[in-house]
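Let me begin by presenting the structure, written as structure tokens, before commenting on it.
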């Protein structure tokens, strides 16, 4: 995922120095060094649930900003620091493709089983493992 690959390990570590009480959390699609330093790694819903249930008040969050918006709605008393991107001037790691999705589009897709997407079997096999891992973490 291009969004998750843009986070800066150095930037996250700098934020941790500035906010030593903060818990680093990340989406599993982040680069391995970021996943390794994270205190919690999980799917979008797992990240949101973790921040709701955890007693900590500050989190450094390595995932798409829309998720941070949901975290703020669920836990308005907590502080969420977006993980900085490689461009240290901006923590603007938004996924333009995720913005195309909506509940209505998902409902229509499931109801009519359309559009049908055909992919090469080799690609399907390669995609299965990370998708299964992500679902296992959710």
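The values are calculated or read from the model by the stated rules, or taken from the named source; none is laboratory data. In this text, all values refer to a predicted model and were calculated from it rather than measured experimentally. Every residue, glycine as well, gets a Cβ built from its backbone with ideal geometry; the counts of neighbours run over all protein chains shown.
Quick notes
- Residue 94 being modelled with pLDDT of 90 or more, surrounded by 10 or more Cβ atoms within 10 Å (Cβ to Cβ), within 30 Å of residue 19 (Cα to Cα) and out of contact with any strand residue (DSSP E or B) (no Cβ under 6 Å at 6 or more places or on another chain): no
- Of all residues in region 36-53, those that are farther than 19 Å from residue 135 by Cβ have Cβ atoms under 6 Å from Cβ atoms of residues that are part of a helix (DSSP H, G or I), 6 or more apart or on another chain, in 51/71; 52/74.
- Pairing each residue of region 93-114 that is part of a loop (DSSP other than H, G, I, E, B) with any residue that is loosely packed, with under 11 Cβ neighbours inside 10 Å and modelled with pLDDT under 80, provided the two are 6+ apart or on different chains, yields C-beta distances under 8 Å for 95/2.
- Region 1-27 - residue that is at pLDDT 90 or above and under 14 Å from the mean Cα position of the chain (by Cα) and, of those, farthest from residue 130 (Cα to Cα): 24
- Restricted to region 64-79, and to residues there that are at pLDDT 90 or above and in contact with a helix residue (DSSP H, G or I) (Cβ under 7 Å, 6 or more places away or on another chain), the residue that is nearest to residue 19 (Cα to Cα) is 78.
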